[in-house]
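The values are calculated or read from the model by the stated rules, or taken from the named source; none is laboratory data. Small disclaimer: the values here were computed from a predicted structure and weren't measured. Backbone-built Cβ (ideal geometry, glycine too); neighbour counts: all protein chains shown.
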Amino acid sequence: MGPSVLRQADLPLQKLGDGVFLKILADRETGANHIGMGWITFNPGAKSSVHVRDVEEYIYVTKGEATVELESGEEFVLNAGDLILIPAGVVHQHLNRGTSDMEQLYIFAPQGPEKSLRDLPIVTTAD
C-alpha cells in the first residue's frame, strides 16, 4: 500500500467539550496501523476533562499557550513549538488560559484512545 494524503479541510470537525474541537488525522479509519493523531483547538478559557490514557500521549502546541495540569497539581506551560510527552497512566488535563485560540496536535502511541473520539458529535464551526 502506498502513501495516503488526507486534507484537513475534508475531515469532520467534532466537538469534544465546551470550546474544545478536534479533527482526527490518523487512526485505523484513515489508514494508520500504529499511531493515532489529531488536531485539537481550545477556545479561550476552554479545557478538557481530567483524563488518563493507557498509551503514551504526545502534545505539540502549534498556536497559543497550553497548560497541562497533572493530578498532583504540577503544571507545564507550553508555547507554540513546544512538545510534551505524557506517559501512560498519568492523570491530566489540558487548559487554554489565554485570550486567543490555542491549537495542538496529539499523537497516541500506540493508537487506541481515538476510537472513543470517533463517537463525538460533528459540528460545522469551532464556536
Output the residues belonging to region 49-72 that are modelled with pLDDT under 95 and among the small types (G, A, S). S49, S72
Can you confirm whether region 98-109 contains a residue that is assigned to a loop (DSSP other than H, G, I, E, B), within 14 Å of the chain's Cα centre (by Cα) and at pLDDT below 95? no
One residue is enough: does region 27-36 have a residue meeting the conditions surrounded by fewer than 19 Cβ atoms within 10 Å (Cβ to Cβ), within 17 Å of H92 (Cα to Cα) and either of a type in the set (F, W, Y) or modelled with pLDDT of 90 or more (or both)? no
For region 70-89, indicate whether the set of residues that are closer than 24 Å to P121 by Cα and surrounded by 14 or more Cβ atoms within 10 Å (Cβ to Cβ) is non-empty. no
So, T62, is that one farther than 20 Å from A126 by Cβ and surrounded by 12 or more Cβ atoms within 10 Å (Cβ to Cβ) or not? no
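In region 31-52, which residue that is in a loop (DSSP other than H, G, I, E, B) and among the β-branched types (V, I, T) is farthest from D101 (Cα to Cα)?
First, the residues of region 31-52 that are in a loop (DSSP other than H, G, I, E, B): 31-35, 43-46, 48-50, 52.
Next cut, among the β-branched types (V, I, T) only: 35, 50, 52.
Numbers: I35: 26, V50: 20, V52: 24 Å.
Going through the qualifying residues, I end up with I35.
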Does region 105-121 contain any residue that is under 23 Å from P12 (Cβ atoms) and in contact with a Pro (Cβ under 7 Å, 6 or more places away or on another chain)? no
For L6: the one exception among (1) of a type in the set (A, V, I, L, M); (2) over 15 Å from Y106 (Cα atoms); (3) modelled with pLDDT of 90 or more: (3)
Taking region 110-127 and keeping residues more than 12 Å from the chain's Cα centre (by Cα) and either outside any loop (DSSP other than H, G, I, E, B) or closer than 18 Å to A66 by Cα (or both) leaves K115, S116, I122, V123, A126
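Tell me yes or no: at least one residue of region 11-30 is among the hydrophobic types (A, V, I, L, M, F, W, C), free of Cβ contacts under 8 Å to residues at least 12 places away in the same chain and assigned to a strand (DSSP E or B).
Kept after step one, since they are among the hydrophobic types (A, V, I, L, M, F, W, C), are these residues of region 11-30: 11, 13, 16, 20-22, 24-26.
Those left that are additionally free of Cβ contacts under 8 Å to residues at least 12 places away in the same chain: none.
Checking region 11-30: not a single residue is among the hydrophobic types (A, V, I, L, M, F, W, C), free of Cβ contacts under 8 Å to residues at least 12 places away in the same chain and assigned to a strand (DSSP E or B).
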